[in-house]
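Asks: Got a structure here, written out as structure tokens. Questions coming.
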Amino acid sequence: MAVTEVRISIHPAGLNPKDIAEKIKEQFPDQVIEVAEFRDQVSVIVKRDQIVPILKYLHDDPLLSFDHLQDLTAVDYLNKKDIRFEVVYNLYSIKYRHKIRIRVQVPDNDPKINSVVPIWAGANWHERECFDMFGIVFTRHPDLRRILMPEDWEGHPLRKDYPLKGPAPENEWPGFVEVLNRSKELKEFEWEG
Amino acid sequence: MIRKEAEKIFETRELNVNMGPQHPATHGVLRLVLDIDGETIVKVTPYVGYLHRGIEKLGESLSYFQALPLTDRMDYVSAMSNNIGYCVAVEKLFGIEAPERAKFIRTIVGEMSRIANHLLWLATHALDIGAMTVFLYCFREREWILDLYEMICGARLTVTYPRVGGVRNDVPQEFLDSLWKFTEEFPSRILEYETLIDQNRIWLLRTKGIGVISAEEAVSWGMTGPTLRGSGVPYDIRKHMPYDAYDKVEFEVPIGTEGDTYDRYRCRMLEMRQSNKIIRQCIEKLPTGPVMADEPKFTLQPKDMMMPITHPTKEMAYFIDEKKCKGCGMCLRACPAKAIFGEKKKPHKIDQALCLQCATCFVTCKFKAMKIIPGGKGLSDEKLAELAAAPVPEEITKAAEYLVRQFEFVKKGPRAPEGELYVATEVPKGELGFYFVSDGSGKPYRMRLRAPSFIHAGCLPRLCIGHLVADVIAAIGTIDIVLGECDR
């Protein structure tokens, strides 16, 4: 039988995330803006120019080996921070069991960032979703189209200035009021079993 | 002339075929546009989003505790695991911990949902490939698990049984007895399924060497769960980042070698046996104690403590103390029945005929000007003023405390500390991750769901190209997607 059961041990994670943050600082001293920590999770905020080299370094370095891109998403900090968008990469190393979060600042007037599809093939759909929901353009992406919303949709739903509720039915479709009135008119003919 | 005609007859060209969105084998509304050369797939373009309900956007408008039922609607095949994933993430954000018994119960129901999910997966996967009988066998056991769900929470599909800080209610003994009986019988049932298909020649031909993906590539594509482990990568979040009671039970993780459809099938079959083992260990080790964390800020208040006010037979009346009322207008705006009237900066009054006795005004008032008068319903204002002068009974003051806490919890929701975190849990389909950004208010600033089905669906073109059209169905089955989770 090809499939075997293995005993994976529960042992503590590999490198301390703070040490990883230090390593990134050493390698790219002028790129790191800030290192934040919350509940033992460390995130490194970096500039967007060198994002692909930074992630490539994290992926390829034999001691770090971040082979698993857990998640790629964006956050809209409208009126909260000076730079509006942040693209977030959650990385994990299956081999060494350590993790780190990279946050990249992307300004509102030029929402562009380089694609990481050459490093992780799975980033393809994540980036398409990010483009769909936030309007962040991933340059050099092989196939950047809308994914969850219809192709002719206007606006980017997860932006903070996008309304949660749509227009009332009568505003969206003028015929709605007509139908409503007609149903009232014809109410006397309604069959009451 | 003849030659030209012959060329016309034997002309070959690529066909563009639309598969879905309403195709029974696509497990929901997945649309695939296939470019085929004869019967060989040249290009696959998946289209998703038909079930998009904007759960991430909705989550931003709800408090952390109200968004829980949304998670059932993602992966409706294993709703229990999704709930647990959400609860674990929110608990970590708030820094609260569920009691030991609740953790064990969550592990039990989580593994039950894994079995139920894999049974449904096996049933439909085999049905797609052509083995009809397995479907009927699998649903027999799945039905048993759903009946067990019904016993603990009354629901079968969208359960919302786990809560932030524990579980909804304790499990009855008859549930544990029935579950124990299930775990005793289930291994022999797995053998039954395997007799049907494990050595079946058609099954082997349809699954062996189909949809092969190597370990490095599978990791690069972001695959997780049994889909990844079929390629031989020992990545299981239950072992890598243990949550609930997974660090207190012993189990092995099955991994494959070939990375084809057959290995992934074997992985899931062995995983069901391991889940069975985990459930048995959990029942044996189940500790006694409470099932909800003792954190009054994070839980619904006990109903009986609020009964002196809320019970329908008590017939309360609410009365505004003119001396204390500053006329701020808070209660006036909050009243759902619009029973409160009065000018600004002057004491307000309640129209007793309109009042619903809902206590919203009582909770809203910051100056403690509201008085609860037991048995005052239907009395005149003068009589109420007379009664209001008397001291309030102690049971009412005590119940009012709980009532205020209940309102705070339900209407506003407790405030989360500022920060951001990503918490992953192992659901039957793979890694379900929740990424929260909190700005210190009662609602998440950003709620991100990392759905395994979404990433697996993105991998479909990689698995299908070069195979036959019939193998597309096998590929859709083997990555185990549910479109409700994929589209969110």
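Asks: Can you give the mean number of other chain Cβ atoms that lie within 10 Å of the Cβ atoms in peptide B:232-240? Let's see the in-between values first.
Replies: On the way: counts 4, 4, 4, 7, 2, 1, 2, 7, 8.
Other-chain Cβ atoms within 10 Å of each residue's Cβ, averaged: 4.
Asks: Computed FRET efficiency, Cβ-Cβ of B:Phe341 and B:Glu394, R0 41 Å: what is it to the nearest 0.05?
Replies: On the way: r = 32 Å, r/R0 = 0.77.
The pair B:Phe341/B:Glu394 has a calculated efficiency of 0.80.
Asks: Right, another one. Could you give the length gained on full extension between B:Asp304 and B:Lys8, defined as 0.36 nm per residue of separation minus the Cα-Cα distance, in nm? All intermediate terms of the calculation are to be shown ahead of the outcome.
Replies: Details: separation 296, 0.36 × 296 = 106.56 nm, distance 8.38 nm.
Difference between extended and current length: 98.2 nm.
Asks: Please report B:Ser231, B:Ser61 as a ranked list, fewest other C-beta atoms within 10 angstrom at the top and most at the bottom.
Replies: Working: B:Ser231 24, B:Ser61 14.
Going from least to most buried by this count: B:Ser61, B:Ser231.
Asks: Grab chain A and count how many Lys pairs have their alpha-carbon atoms under 24 Å apart, sequence gap of 8 or more, or different chains.
Replies: For chain A, the number of qualifying lysine pairs is 29.
Asks: So which lysines can B:Lys314 reach, going by Cα to Cα under 23 Å and dropping same-chain residues fewer than 8 places off?
Replies: Those lysines meeting the cut-off are B:Lys303, B:Lys338, B:Lys349, B:Lys368, B:Lys371, B:Lys377, B:Lys383, B:Lys398.
Asks: Connecting C-alpha atoms closer than 10 Å in a GNM of chain A, tell me which of A:Leu72, A:Leu148, A:Leu15 has the biggest fluctuation.
Replies: Result for chain A, Cα springs under 10 Å: A:Leu148 fluctuates most.
Asks: Follow-up. About its Cα centre, what dipole magnitude does the range B:1-123 give when the only charges are +1 on Lys and Arg Cβ and -1 on Asp and Glu Cβ, stated in debye to the nearest 20? Walk me through the numbers on the way to the answer.
Replies: On the way: 14 positive and 15 negative charges, 30 e Å.
Dipole size: approximately 140 debye.
Asks: Please list, ordered by chain and number, the residues whose modelled amide H lies under 5 Å from the amide H of B:Gly166; skip anything fewer than 5 residues away on the same chain.
Replies: B:Ala293
Asks: Using the Cβ atoms and a cut-off under 14 Å, what net charge is assigned to the surroundings of B:Glu418, where Lys and Arg are +1 and Asp and Glu are -1? Can you show the working numbers first?
Replies: Numbers: positive: A:Arg39, A:Lys80, A:Lys81, B:Arg415, B:Lys443, B:Arg446; negative: A:Glu37, B:Glu420, B:Asp439.
Result for the local shell: +3.
Asks: Explain nothing, just the number: dipole magnitude of the protein assembly as shown about its Cα centre with +1 on each Lys and Arg Cβ and -1 on each Asp and Glu Cβ, in debye rounded to the nearest 20.
Replies: Charge dipole of the protein assembly as shown: 1680 debye, to the nearest 20.
Asks: Something else: Express as a percent, rounded to the nearest 5, the fraction of DSSP beta bridges in the protein assembly as shown (both residues included) that run antiparallel. Working shown, then result.
Replies: Values: 61 of 68 bridges.
Of those bridges, close to 90 percent are antiparallel.
Asks: Hey, can you grab everything whose amide H is under 5 Å from the amide H of B:His467? Only 5+ residues off in sequence or another chain; H modelled, so Pro and N-termini drop out.
Replies: When sequence neighbours closer than 5 places are left aside, the close amide H contacts are B:Ile41.
Asks: Also: Under 5 Å between amide H atoms, partner at least 5 residues away or on a different chain: which partners does B:Thr160 have, H built in plane at 1.01 Å?
Replies: none
Asks: Continuing with the same structure: As a check on your grasp of the helix formula, calculate [θ] at 222 nm for the protein assembly as shown: sum -39500 (n - 2.57) over DSSP H runs of n ≥ 4, divide by the residue count, round to the nearest 500. Let's see the in-between values first.
Replies: On the way: 26 runs with 275 residues, N = 681.
Value at 222 nm, helices only, nearest 500: -12000 deg cm²/dmol.
Asks: Further, regarding this structure: What ranking do B:Lys103, A:Lys160 get, fewest neighbouring Cβ atoms within 10 angstrom at the top?
Replies: Values: B:Lys103 22, A:Lys160 14.
In increasing order of surrounding Cβ atoms, one gets A:Lys160, B:Lys103.
Asks: Something else about it: How well do other chains shield peptide B:57-66, expressed as the mean number of their Cβ atoms within 10 Å of each residue Cβ?
Replies: Working: counts 7, 1, 0, 3, 2, 0, 0, 0, 0, 0.
For this peptide, the per-residue mean of nearby foreign Cβ atoms is 1.
Asks: Here is a follow-up. Using a/c under 1.5 as the rounded threshold, could you call the range B:40-176 rounded, prolate or oblate? The axes a ≥ b ≥ c are square roots of the C-alpha gyration tensor eigenvalues, and prolate needs a/b larger than b/c, oblate otherwise.
Replies: oblate
Asks: Under 1.5 on a/c is rounded, so check that first for the range B:36-84, then, if it is not, pick prolate when a/b is larger than b/c and oblate when it is not; a ≥ b ≥ c are the square roots of the alpha carbon gyration tensor eigenvalues. Could you put the intermediate results ahead of the total?
Replies: Values: a/c = 5.52, a/b = 2.51, b/c = 2.20.
It is prolate, given that a/c is not under 1.5 and a/b is the larger ratio.
Asks: Another question, if that's okay. Among B:Cys325, B:Cys153, what is the fewest-to-most ranking by other Cβ atoms within 10 Å? Could you put the intermediate results ahead of the total?
Replies: Numbers: B:Cys325 20, B:Cys153 17.
Listed from fewest to most nearby Cβ atoms, that is B:Cys153, B:Cys325.
Asks: Under a GNM of chain A (C-alpha, springs under 10 Å), which listed residue has the highest mean-square fluctuation: A:Arg146, A:Arg182, A:Arg128?
Replies: The residue that fluctuates most here is A:Arg182.
Asks: Taking Cα centroids, how far is the range B:145-165 from the range B:35-56 in Å?
Replies: 33
Asks: What distance in nm separates the simple spin-label points at A:Asp110 and A:Ala36, each placed 7 Å from Cα in the Cβ direction?
Replies: If labels sit at A:Asp110 and A:Ala36, their model points lie 2.4 nm apart.
Asks: Moving on. Could you compute the net charge surrounding B:Leu157? Neighbours are other residues with a C-beta less than 15 Å from the C-beta of B:Leu157; K and R count +1, D and E count -1.
Replies: Local net charge: -3.
Asks: Do any GluC sites (Glu not before Pro) in the range B:1-68 lie in a loop, going by DSSP, with at most 14 other beta-carbon atoms within 10 Å of their beta carbon, and if so which? Can you show the working numbers first?
Replies: Numbers: sites: B:Glu5, B:Glu7, B:Glu11, B:Glu14, B:Glu39, B:Glu56, B:Glu60; in loops: B:Glu11, B:Glu14, B:Glu39.
Within the range B:1-68, the qualifying GluC sites (Glu not before Pro) (loop, at most 14 other Cβ atoms within 10 Å) are B:Glu11, B:Glu14, B:Glu39.
Asks: Summarise the partner chain shielding of A:40-49 as one whole number: the mean count of Cβ atoms from other chains within 10 Å of each residue's Cβ.
Replies: Partner-chain Cβ atoms within 10 Å, mean over residues of A:40-49: 1.
Asks: Can you work out the FRET efficiency for the pair B:Thr288 and B:Lys411, with r the C-beta to C-beta distance and R0 = 35 Å, to the nearest 0.05? Please list the in-between numbers first.
Replies: Working: r = 34 Å, r/R0 = 0.98.
So the FRET efficiency works out to roughly 0.55.
Asks: In whole Hz and in residue order, list the ³J(HN,Hα) couplings for the range B:69-84 that follow from phi through the Karplus curve 6.51 cos²θ - 1.76 cosθ + 1.60, θ = phi - 60°; x for Gly and Pro.
Replies: Per-residue couplings from phi come out as x, 5, 6, 4, 7, 7, 9, 6, 6, 10, 4, 4, 5, 5, 4, 4 Hz.
Asks: Which loop-located GluC sites (Glu not before Pro) does the range B:412-467 contain, where loop means any DSSP state but H, G, I, E or B and the Cβ has at most 13 other Cβ atoms within 10 Å?
Replies: Values: sites: B:Glu418, B:Glu420, B:Glu426, B:Glu431; in loops: B:Glu418.
Hits after loop and neighbour filter: B:Glu418.
Asks: Give a residue-ordered list of calculated ³J(HN,Hα) values for the range B:400-411 (Karplus: 6.51 cos²θ - 1.76 cosθ + 1.60, θ = phi - 60°; whole Hz; x for Gly, Pro).
Replies: These are the phi-based 3J(HN,Hα) values: 5, 4, 5, 4, 4, 5, 4, 5, 4, 5, 7, 7 Hz.
Asks: Hey, another quick one. Obtain the nm distance between the two label points defined at A:Lys95 and A:Glu172 by a simple spin-label model: each point lies 7 Å from its Cα along the Cα-to-C-beta direction.
Replies: Going by the 7 Å Cα→Cβ label model, 5.1 nm.
Asks: A further question follows. Could you tell me how far the Cα centroid of the range B:409-482 sits from the Cα centroid of the range B:182-224, in Å?
Replies: 23
Asks: Return the distance in nm (one decimal) between the two label points of a simple spin-label model at A:Arg145 and A:Lys47, each offset 7 Å from Cα along Cα→Cβ.
Replies: 3.7
Asks: So which trypsin sites (Lys or Arg not before Pro) in the range B:347-411 are both in a DSSP loop and have at most 13 other Cβ atoms within 10 Å of their Cβ? Please list the in-between numbers first.
Replies: Values: sites: B:Lys349, B:Lys366, B:Lys368, B:Lys371, B:Lys377, B:Lys383, B:Lys398, B:Arg405, B:Lys411; in loops: B:Lys366, B:Lys368, B:Lys377.
Passing sites in the range B:347-411 are B:Lys366, B:Lys368.
Every number in this text was worked out from the coordinates using simple rules, so none of it is lab data. No experiment lies behind these values; they were computed from the predicted model shown. Every residue, glycine among them, receives a Cβ derived from its backbone with ideal geometry; neighbour counts consider all protein chains shown.
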